[in-house]
Each structure stands twice: as C-alpha cells, then as structure tokens.
1. Could you work out the relative contact order of region 287-570, using alpha carbon pairs under 8 angstrom and six or more residues apart, expressed as a whole percent?
2. What distance in nm separates the two pseudo spin-label positions at VAL249 and GLN423, each 7 Å out from Cα along the beta-carbon direction?
3. Once phi is turned into ³J(HN,Hα) by the Karplus curve 6.51 cos²θ - 1.76 cosθ + 1.60 with θ = phi - 60°, what whole-Hz value does each residue of region 247-259 show in order, with x for glycine and proline?
4. Could you list, bin by bin from short to long, the percent of Cα-Cα pairs of region 287-570 in 10 Å steps?
5. Relative to the longest principal Cα axis of the chain, at what angle does helix 560-570 sit, 0 to 90 degrees, rounded to 10?
6. Can you put ASP337, ASP369 in order, fewest other beta carbons within 10 Å first?
7. For VAL187, what residues show an amide H to amide H distance below 5 Å, using hydrogens built from the backbone and excluding near sequence neighbours?
8. Compute log10 of I(q)/I(0) for the chain with the Debye formula, placing one identical point scatterer on every Cα and leaving out solvent, at q = 0.05, 0.10 Å⁻¹, to two decimals.
Amino acid sequence: MNRGAKSAVIGTVVVLFAAGGYGAYNVVHAVANVGSGSTPKTASTAMATTAPNEADAVKRAQSFLDSWKSGPDHYTGAASQTTDPGGAQDALQAYATGVKLSAISFSDVAAAAPTAALPATGNSSGDAALETHVTFTVTAQVKGGTWSYPSSLDVVQSAGGLTSVNWAPSVLYPKLKAAESLAAGPVTADAGSVRVLARDGKTVLTGAKYPSLTEIIATIAQHGGGGSSSSAAESGSGIEIVDSNNDPVATAKVFTAPKGASITTTIDARLQAAAEAAVRGSVLKGMPAAVDAIDHSNGQIRAIAYAGTGSDGNTAINAALAPGSTMKIVTAAALFDHTSMTPTSVAPCDATATVWGETWPNDSPSDTDPNATLTKAFAISCNTSFIKAGFKQLVHDGDASALHNEAVQVFGLGSWSIGGGVQTTDPSVPVPPANNSNQGAQFMGQGQITMSPLVVASLAATVAEGRFEQPVILPGQQQSAAPQAMSSRTDGYLKTLMRAAAHDSDGTAYPRMKDFSSTTGAKTGTAETNSTTNGWFTAYNSEIAVASLVQGGTTGVDSAGYVVQAVLTADE
C-alpha cells in the first residue's frame with residue numbers, strides 16, 4: 001500500500017468511529033494489528049496520558065454490555081470493543097457455555113474515579129495507560145437459578161481518544177483469573193468441611209464451644225470414622241470457578257448447599273459442656289484438672305475435658321501419673337480373686353507399713369483401727385491395710401505379678417485404640433522386681449504405676465457394669481476384650497466397698513457423694529509425685545463412670561471430687 005492510500009484508510013476510520021459503528025471500531029483494531037492470541041493492543045501504539053472521561057467510559061462499557069446481553073451471535077461485536085478481541089470472544093462463549101446461560105442483563109452501570117496507571121499493553125514506549133473504572137451489576141439466568149453479583153471493568157483510551165474495554169477475566173466475574181472458567185453444576189464440600197458430631201448426630205462439636213476437644217475434633221476429621229459413625233459428603237448445586245483441568249478452585253455461587261461428610265462420636269454434648277465447666281470451676285483455683293465420663297454399659301466415652309498447663313497436654317487421656325488410692329479398686333479385686341478375703345475380712349489399719357525397708361504412713365496417721373474390715377479400710381482409704389494385705393497374700397516367693405495380672409486380665413488395661421486416630425497414653429502396671437519396696441507401694445497406687453483419668457474411669461466402669469468394656473470415642477470402633485471375665489462374686493464385693501466409700505459417714509468420698517443414690521459408688525485417691533501431691537476421684541451411677549485428676553489437689557475429695565460431683569449431677 002502506498003502512503004496516500006494508507007492516509008485515506010485512517011481518515012475513513014475516524015469518520016466511521018465518530019458515527020459510532022462497530023464496523024468502524026473493527027477497522028481501527030485491524031489497523032492496530034490486534035487479533036486473537038496476539039498481545040492486547042488498544043488502537044494505537046501510544047496510550048493517552050489521561051484516563052477516559054466518565055461519560056465516554058460509561059458509554060463504552062454500556063455498549064460492550066449491550067452486545068454481551070444480546071447473546072452469542074453478538075459476542076464478536078462485544079469482543080471487538082476490548083483490548084483483546086480474540087481472547088474476549090472465547091471467554092464470553094466459555095462463560096455462556098459453562099454456566100448454561102439463558103439470559104443476562106446489566107444494571108447500575110456507573111463510573112468510579114480514575115485508578116492508578118496500568119502497564120501500557122502493546123505500547124513499546126512503556127508509557128502507562130490510565131483507565132476509568134466502571135461498575136455494574138450482573139443478573140444472569142443460569143443452570144440452577146438466578147445469579148446476581150457486582151462486577152466491574154476498566155476502560156482505557158489511545159492517544160487518539162479511542163476507548164476500549166481493557167480485557168481481563170475479571171470482567172466476567174471479579175474473582176476469575178487467567179486460565180480459569182466458570183462451571184454450573186454440582187458444588188462439592190471441601191476437605192475441611194468434615195463435621196464431627198456429638199452422639200445425637202446433630203450437634204456439631206467445635207473447639208470454640210468445647211475447647212478440650214479441639215485437637216480431638218481435628219484428628220477425627222483428618223482420620224475419618226468408620227461404619228455407622230460416618231456419612232459421606234453430599235454435593236450441592238451452584239457455580240464453581242474451575243482451572244484448566246476442570247478441577248474446582250473456588251465456589252462462586254451456591255444454589256443448594258453441599259453437605260460435608262460427618263462423623264458421629266460418642267460424646268454427649270450436655271455432659272461435655274458440664275465437664276468443660278467443672279475443670280475450670282472456681283473451687284479449683286486454677287489448678288490443672290481433667291475428667292472423663294464413660295457409659296459403663298458399652299464403654300462409649302461421653303465426655304473428655306481438661307484445663308491448665310499440665311505437662312502431658314490433654315491430661316484427661318494422656319496423663320501418666322500415679323493414680324494413688326483409686327488403684328485400691330484393683331488391689332481389692334485381686335484379693336477377692338486370689339485369696340479367701342471378703343468385704344468383712346479383717347484388714348488392720350495400722351499407723352505404718354514397711355516393705356523391704358521402706359515405711360509408708362496413712363494419710364491420717366491418727367486414723368488407725370486394728371479391727372478394721374476390708375470394707376472400712378477401703379472406705380477410709382487406709383494405705384497400710386492394703387499394703388500389708390497385698391504384700392502378705394499376693395506376693396509369693398518374690399513373685400509380685402498378681403496385681404499386674406488382675407489389671408490386665410480382668411480390668412482390660414493395655415494399649416487401647418479409642419478410634420478416629422485419637423492417641424491415648426497407655427497405663428503402666430509393671431511387675432516389681434524381687435526384694436523391691438515397690439512390691440508394697442503398688443497396692444496403694446504408687447511405685448511405678450501410672451494412669452490417666454480415662455483409665456481410672458474405666459476401672460470404676462468395670463465395677464459398675466461387672467465387666468470390662470474398652471473405652472471408645474466412635475460408636476463403630478472395634479473394642480478389645482479383657483482376657484478374663486470378672487466374677488459376679490468379686491463384682492458384688494467391689495460394689496460393697498465403693499458404696500461404703502461413697503455413703504458411709506466416715507468414707508472419704510462421702511462429702512461429694514452423700515446426696516446421690518445409695519447405689520452409686522466411689523473411690524478417692526491421693527498420690528505423691530516428685531514435685532506435688534495430686535488429687536484423684538472416681539465414681540459411678542446407674543449410667544456413667546467418671547474420674548478426675550487435679551494436679552496439686554492434695555486430697556481427692558476436696559479437689560477432683562468437686563469435678564466428678566458436677567459431671568454426675570449433670571447426668572441426673
């Protein structure tokens with residue numbers, strides 16, 4: 001083309017554009033060498049140093065939107081008014097196809113103040129292109145319903161005053177990015193939407209409401225449930241932003257909300273709330289505390305709560321501390337199973353007891369009774385009665401394995417999996433070596449014996465039910481069985497002892513248990529550690545067994561006893 005011919009074409013362009021025709025605008029883009037897949041250009045190699053005025057920007061935006069509104073046959077015209085006609089036309093068609101568009105309209109088209117400069121696309125000089133921001137509201141009829149949302153576009157102009165829509169995927173939808181598109185159809189719940197539910201299958205357990213369960217909830221959600229405890233996620237409907245592989249990136253619109261997968265636990269929301277409050281009760285004066293409640297008929301855990309900064313994290317399930325006199329439940333069971341002792345057998349409560357050179361006193365040295373029965377010794381928690389009876393009748397020829405065997409074989413102590421990937425600390429009831437003072441200490445819950453409140457609650461639950469039911473937090477979790485069933489004779493004797501501790505006026509648990517039914521049973525515990533004295537308390541009613549630990553609590557009845565009392569009261 002010669003110079004004169006080129007000038008003639010440009011003159012024609014100016015006249016036609018002034019007339020406002022799309023054909024004229026397309027000629028401008030043709031001259032500017034803009035095409036599909038090319039670097040976006042605005043009708044000139046130089047950009048204006050000012051943004052389009054508001055009236056021109058709104059006019060260009062309205063024209064573009066009118067063409068978009070007119071449907072696929074007019075997408076070419078709409079795209080021709082942008083800085084990237086090819087890309088814009090493809091994107092408009094993909095939008096219509098992806099959302100199953102049947103109609104679209106635009107309202108509230110208005111200009112905003114000029115924005116900061118953008119890079120001058122297609123401008124080799126590197127000048128900046130100022131743009132005018134135009135906002136509008138989109139109302140689209142898509143698969144699933146009506147979708148309305150605010151959106152915007154930017155209008156730029158060339159040095160010659162020609163305006164165009166600065167094309168970007170966000171013109172279609174504000175959060176849309178390059179290589180992304182919109183798709184109507186199923187909207188899936190994300191992996192983080194797994195709901196962990198209480199035993200009613202309705203109450204959602206959250207760390208905000210039940211802080212002691214924060215890590216447990218996250219662990220169960222991550223590991224999942226099993227069998228009847230889980231329900232699969234259900235897709236909803238709406239519009240999603242998808243990537244180039246058609247994989248969901250984000251949800252743009254929800255018509256029918258998806259339902260995330262859910263896992264039902266054994267936690268009782270009401271008891272959990274009571275337990276959370278109990279471990280933070282003012283009577284404890286901020287001492288670290290923990291409590292567990294178990295349905296003794298099936299081993300299902302109804303509550304797990306802890307407060308304070310214990311070194312074992314969630315001390316309700318991970319403490320590894322001496323259980324003190326709550327261990328006398330197992331000691332008494334071993335005496336009933338392996339000797340001829342009964343609740344009325346004499347078990348003298350002396351001031352002290354000595355085994356292999358180590359001497360232990362009673363918690364109350366003045367509380368002695370040479371004629372005490374085993375029932376009274378249990379009720380008043382006489383250390384010397386159990387040390388002497390245990391060492392004399394359960395240790396033979398240096399073999400002190402009887403207590404360990406009773407704990408493992410009858411009470412089911414071992415490595416438990418409560419479900420959902422939740423880790424618990426195993427109890428330890430080792431066999432003391434020969435000629436070792438721990439052969440006496442073990443019978444009152446000291447020496448090398450360690451447990452968590454969950455384990456101590458299980459001891460009481462086994463007595464309440466007359467059999468061991470392994471604690472679980474998921475209803476479908478497989479439960480290990482105790483190798484040996486508890487005899488009805490031993491169970492009856494243990495109930496006699498625990499009721500005496502709870503309801504005899506001199507019983508150590510009496511102050512916290514006196515107002516409960518006479519069928520309830522309890523046991524207190526006090527345990528020495530290297531740095532403090534801890535209080536323990538466990539009890540059962542007709543439905544649940546509860547155990548609490550208060551670190552620094554000194555006596556079980558005046559620390560952990562208040563926690564157990566509160567949880568049992570909530571169960572009434």
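1. On the way: 728 pairs, mean separation 70.6, N = 284.
Dividing the mean separation by the residue count of region 287-570 yields 25 percent.
2. 3.8
3. Computed from phi, the couplings for region 247-259 are 8, x, 10, 7, 9, 8, 8, 10, 9, 10, 5, x, 10 Hz.
4. All Cα pairs, binned at 10 Å, distribute as 7, 33, 39, 18, 2, 0 percent.
5. 70
6. ASP369, ASP337
7. Here the answer is GLY236, SER237, GLY238, since their amide H atoms fall under 5 Å of that of VAL187.
8. -0.42, -0.79
Taken together, the values in this text are just the output of simple stated rules run on the coordinates, not laboratory data. Since we're looking at a predicted model, the values are computed, not measured. Methodologically, a virtual Cβ is constructed for each residue, glycine included, from the backbone with ideal geometry; neighbour enumeration extends over all protein chains shown.
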